[in-house]
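Here is the structure we will look at.
The values are calculated or read from the model by the stated rules, or taken from the named source; none is laboratory data. The model shown is predicted, which means the values in this text are computed figures rather than measured ones. Cβ coordinates were reconstructed from backbone atoms using ideal geometry, including for glycine residues, and neighbour counts include every protein chain displayed. Protein only, heavy atoms only, side chains kept; ligands, DNA and RNA dropped before computing areas. Shrake-Rupley method; radii C 1.70, N 1.55, O 1.52, S 1.80 Å.
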Amino acid sequence: MQEDVVGTNLRAIRAARGLSLSGLAALSGVSKAMLGQVERGESSPTIATLWKLARGLELPLSAFVEGPVEAGRVEGGFAYRTVFAFDPAFGTETFEITLGPGWEHRSEAHAGGVVEDVFAGSGEVEIGVAGVWQRCRVGEGVRFAADQPHGYRNPGPVPVRFCNTIHYPAGKRRSAGA
Ligand code: MN
């Protein structure tokens, strides 16, 4: 992979914070070896790793994935692309997520006070929060507290697409340069 946008962003953020690789490893729970590989573009981090970095650094996901190179990511039956990058004025970022047939994507808890909205576009999607699953039909929205383990799954036989907006509480918003 050449000119990896996540690696470039991560290196810049770490430098701006004056953090060592060990310091960032301690903050995020991502190993120092993995951080080095990501920064050098030798390894493409999983979504779960990106969220650990986001949480550890108190940054939105957009801070890592936005850039001229990154057009979206695919991981098995899970794919996303950025619709609106994080805007500190509003404290939100929005992604379009596609789940393959029967696919389930799990997410660890985000930082305290983070709320997510899911708006079902092309088909039904199910949202699980703390082990309780709820159905979101086409045209419906589900809002949930995302500071606990949660998941998204496609119960149907064809891929589904939905919008996912993440709200960061006021006072805990940082942009990449801040
Ligand atoms: Mn989430």
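Out of all the residues in segment 87-124, which are free of Cβ contacts under 8 Å to residues at least 60 places away in the same chain, away from the ligand (no atom under 13 Å from the Cβ), in a strand (DSSP E or B) and open to solvent by less than 40 Å² (accessible area, probe 1.4 Å)?
Ala120
Would you check if Ala25 is touching a Ser or Thr at 6+ places or on another chain (Cβ under 8 Å) and over 22 Å from Tyr80 (Cβ atoms)? Can you show your working first?
Values: touching a Ser or Thr at 6+ places or on another chain (Cβ under 8 Å): yes; over 22 Å from Tyr80 (Cβ atoms): yes.
Taking the combined requirement at face value, the residue satisfies it.
Condition first: in a helix (DSSP H, G or I) and open to solvent by 20 Å² or more (accessible area, probe 1.4 Å). Now tell me which residues in segment 39-49 satisfy that.
Once the filter is applied, which keeps residues that are in a helix (DSSP H, G or I) and open to solvent by 20 Å² or more (accessible area, probe 1.4 Å), segment 39-49 yields Ala48, Thr49.
So Gly36 clears everything in (1) surrounded by fewer than 18 Cβ atoms within 10 Å (Cβ to Cβ); (2) in contact (Cβ under 8 Å) with a residue 60 or more places away in the chain; (3) in contact with a helix residue (DSSP H, G or I) (Cβ under 8 Å, 6 or more places away or on another chain) except one condition, right? Which one?
With (1) surrounded by fewer than 18 Cβ atoms within 10 Å (Cβ to Cβ); (2) in contact (Cβ under 8 Å) with a residue 60 or more places away in the chain; (3) in contact with a helix residue (DSSP H, G or I) (Cβ under 8 Å, 6 or more places away or on another chain) applied to Gly36, the lone miss is (2).
I'd like to check something: does segment 100-109 contain any residue that is in contact with a Cys (Cβ under 7 Å, 6 or more places away or on another chain) and within 27 Å of Ala170 (Cα to Cα)?
no
Out of all the residues in segment 125-153, which are loosely packed, with under 15 Cβ neighbours inside 10 Å and of a type in the set (A, V, I, L, M)?
Answer for segment 125-153, where residues must be loosely packed, with under 15 Cβ neighbours inside 10 Å and of a type in the set (A, V, I, L, M): Ala130, Val132, Val138.
Lys52 versus (1) touching a residue at least 12 places away in the same chain (Cβ under 8 Å); (2) open to solvent by 60 Å² or more (accessible area, probe 1.4 Å); (3) within 16 Å of the ligand (Cβ to nearest atom); (4) touching a strand residue (DSSP E or B) at 6+ places or on another chain (Cβ under 8 Å): which is the lone unmet condition?
Result: Lys52 fails condition (4) only.
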